[in-house]
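Q: First the structure, which I've put down as structure tokens, then a few questions once you've had a look.
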Amino acid sequence: MILDPLQDPRVVIPEPALRRLPWYLAYVSLLRQKGVEYVSSTQISRDLSVDSSQIAKDLSFLNIKGKTRIGYEVASLEQVLQNFLGFRLSHNALIVGVGSLGGALIQDSGLEQFGLNIVAGFDVNPQIIGRTICGIPVFDVKELELRRRQFAAEIGIITVPVQAAQEVADKFVAAGVKALWNFTPFRIKVDEEQIVVQNTSIYAHLAVMYNRLNLSKIRSHFSGEGDVQ
């Protein structure tokens with residue numbers, strides 16, 4: 001029996017593969033918009049710099065197989081990826097910390113295309129509380145549990161200063177959210193059997209980028225490709 005990953009919870013896709021699926025979706029969506037009907041794993045590999053055998057393996061987790069000498073049907077592949085990733089479903093989310101980053105996320109209408117619907121923001125700053133950003137109301141964080149029930153939100157987004165991250169995570173869990181998207185560099189602690197946690201630290205990515213940039217400069221210097229001072 002072939003298990004359907006879109007229906008059967010026993011099918012677990014490795015996280016590295018799961019992280020690549022949105023790349024494939026964005027790519028085939030562009031192809032469909034251009035009127036392309038079929039695409040090979042070789043072409044995807046060339047354009048996305050992912051090994052073709054890896055692409056075939058990733059898509060096999062979704063029971064997707066290309067046709068010999070033809071490849072994958074673009075429209076069908078796009079639909080399966082959209083359905084599996086949940087981007088066609090709407091997930092209500094609340095965000096605590098409506099500063100520059102939080103405000104930017106609220107204003108990012110592109111998130112709705114991926115199923116994330118930020119319905120309310122929360123803060124402790126009286127100058128921000130009571131405002132609306134792109135039609136999204138900002139409440140006092142004391143109202144978190146009440147508003148969570150009102151909006152039936154299942155996702156909490158954390159964009160507060162690092163020292164407040166754990167406190168906000170605890171408030172979200174107490175309010176009844178089922179998933180946390182943490183933008184702070186602090187590793188929040190929750191019962192991960194009950195709460196899904198996704199950490200997206202901009203600072204961590206900056207550290208990696210700076211490190212690689214420095215290594216690149218060092219290699220260039222020792223290879224004689226650097227600028228002569």
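The values are calculated or read from the model by the stated rules, or taken from the named source; none is laboratory data. Computed from a predicted structure; not experimentally measured. Here Cβ is always computed from backbone atoms with ideal geometry, including for glycine, and neighbour counts include all displayed protein chains. Please note that ligands, DNA and RNA were not included when accessible areas were found on the heavy atoms of the full protein model with its side chains. Shrake-Rupley method; radii C 1.70, N 1.55, O 1.52, S 1.80 Å.
Q: If you project the alpha carbons of the range 47-140 onto their three principal axes, what span does each projection cover, largest first, in Å?
A: 62, 24, 18
Q: I've got another one for you. So what is the relative contact order for the range 156-229, in percent, with contacts set as C-alpha pairs under 8 Å and at least six apart?
A: Values: 76 pairs, mean separation 18.5, N = 74.
Dividing the mean separation by the residue count of the range 156-229 yields 25 percent.
Q: From the residues Val190, Val50, Asn92, which one has its Cα farthest along the dipole of the chain in the positive direction, the dipole being from +1 and -1 charges on Cβ of Lys/Arg and Asp/Glu about the Cα centre?
A: Val50
Q: On the Cα set of the chain, report Rg and Dmax in Å, please.
A: Here Rg and the maximum Cα pair distance are 21.4, 67 Å.
Q: A further question on this structure: Among DSSP beta bridges whose residues both lie in the range 127-229, state the antiparallel percentage, nearest 5.
A: Antiparallel: roughly 20 percent of the beta bridges in the range 127-229.
Q: Taking the Kirkwood radius as the inverse of the mean 1/r across Cα pairs, report the Rg/Rh of the range 15-70.
A: 0.93
Q: Sort the range 149-229 into rounded, prolate or oblate with this rule: let a ≥ b ≥ c be the square roots of the eigenvalues of the Cα gyration tensor; rounded if a/c is under 1.5, and if a/c is not under 1.5, prolate when a/b is larger than b/c, oblate otherwise.
A: Working: a/c = 4.14, a/b = 3.85, b/c = 1.08.
Verdict is prolate for the range 149-229.
Q: If you roll a 1.4 Å probe over the heavy atoms of the protein chains, what accessible area per residue do you get for the chain, in Å²?
A: Details: 14390 Å² over 229 residues.
That works out to 63 Å² for each residue.
Q: Which value in Å does the Kirkwood hydrodynamic radius of the range 29-98 take, with 1/r averaged over all unlike C-alpha pairs and then inverted?
A: For the range 29-98, the Kirkwood estimate is 13.6 Å.
Q: Further, regarding this structure: At 0.36 nm per residue, and after removing the present C-alpha to C-alpha distance, how many nm does the segment from Ala75 to Leu146 gain when stretched out fully? The partial results should precede the final answer.
A: Values: separation 71, 0.36 × 71 = 25.56 nm, distance 4.19 nm.
Full-extension gain reported as 21.4 nm.
Q: If you take every DSSP beta bridge fully contained in the chain, what fraction is antiparallel? Give it as a percent rounded to 5. Write down the numbers at each step before the final one.
A: Details: 5 of 26 bridges.
For the chain, the DSSP antiparallel bridge percentage is about 20.
Q: How far is helix 165-175 tilted off the main Cα axis of the chain, in degrees rounded to 10, range 0 to 90?
A: 80 degrees
Q: Moving to a separate point now. Can you compute the charge dipole magnitude of the range 1-139 about its Cα centre, using +1 on each Lys and Arg Cβ and -1 on each Asp and Glu Cβ, nothing else charged? Give it in debye, rounded to the nearest 20.
A: The calculated dipole for the range 1-139 is roughly 300 debye.
Q: Taking Cα atoms, how many degrees apart are the long axis of helix 74-85 and the longest axis of the chain, rounded to 10 and kept between 0 and 90?
A: 30 degrees
Q: Starting from the Cα of Ser223, step 7 Å along the direction of its Cβ; do the same at Thr68; then give the gap between the two resulting points in nm.
A: 4.2 nm
Q: Could you pull out every residue, at least 5 positions away or on a different chain, whose amide H is within less than 5 Å of the one on Leu180? Hs are placed 1.01 Å off N in the peptide plane, and Pro or chain starts have none.
A: Gly156, Val196, Val197, Gln198
Q: I've got another one for you. State the percentage of accessible surface on the range 122-214 attributable to carbon and sulfur atoms; use a 1.4 Å probe and exclude ligands, DNA and RNA.
A: Of the solvent-accessible surface of the range 122-214, carbon and sulfur hold 56 percent.
Q: Right, something else. On a 1.4 Å probe surface of the protein chains, which of Ile155, Ile202 comes out largest in accessible area, and what is the full order?
A: Largest to smallest exposure gives the sequence Ile202, Ile155.
Q: Angle check, please: helix 15-33 long axis (alpha carbons) against the longest principal axis of the chain (alpha carbons), in degrees 0 to 90, nearest 10.
A: Taking the Cα atoms of the chain, the angle to 15-33 is about 70 degrees.
Q: Can you compute the helix-only [θ] at 222 nm over the chain? Use -39500 (n - 2.57) per DSSP H run of at least 4 residues, normalise by all residues, nearest 500 deg cm²/dmol.
A: -13000 deg cm²/dmol
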